[in-house]
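Asker: Dropping a structure here in structure tokens format, bear with me for questions.
The values are calculated or read from the model by the stated rules, or taken from the named source; none is laboratory data. Predicted model only: the values in this text are computed from it and were never measured. Using ideal geometry, Cβ is built from the backbone for each residue, glycine included, and neighbour counts are taken over all protein chains shown.
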Amino acid sequence: MSRIGSIIIMGFTIKNINTINDVATSHGAGIKKVLCSNDEASSNITQIAVSLLTAGEAVEVHIHETMEEHFIIEDGSLEFMIDDKVMTVNSSTYVMVPAGTKHGIKAVTNCKMITIGCAV
């Protein structure tokens, strides 16, 4: 089987995640591979990414007034701070943060997660 980078066929986009370059996150913690950005989607998706955080890295508490965020934790443990509550989540966990909600993340261990932003 050949390795593809990125192709678009009849409106379908197919990407090999291993060929996507790592980029810094906008929050200054960790790296990500952007699978889909808002200019590639015809929906309210702002971004879909595979994100990696190293143990101890943290995304400062912030608010997205017009975007909800979805997190699918594939590997590791994270502390989520959501509206002044702290909870630890582990692999195989899904977290949805509604728009306008104060939140932050700290990696307890090295973590891999899928992040999805959706404009509201």
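Asker: Please verify whether ILE8 is in a strand (DSSP E or B), loosely packed, with under 13 Cβ neighbours inside 10 Å and at pLDDT below 95, treating the condition exactly as stated.
Answerer: yes
Asker: Go through (1) modelled with pLDDT under 95; (2) over 17 Å from MET113 (Cα atoms); (3) small (Gly, Ala, Ser) and name the single condition ALA29 misses.
Answerer: (2)
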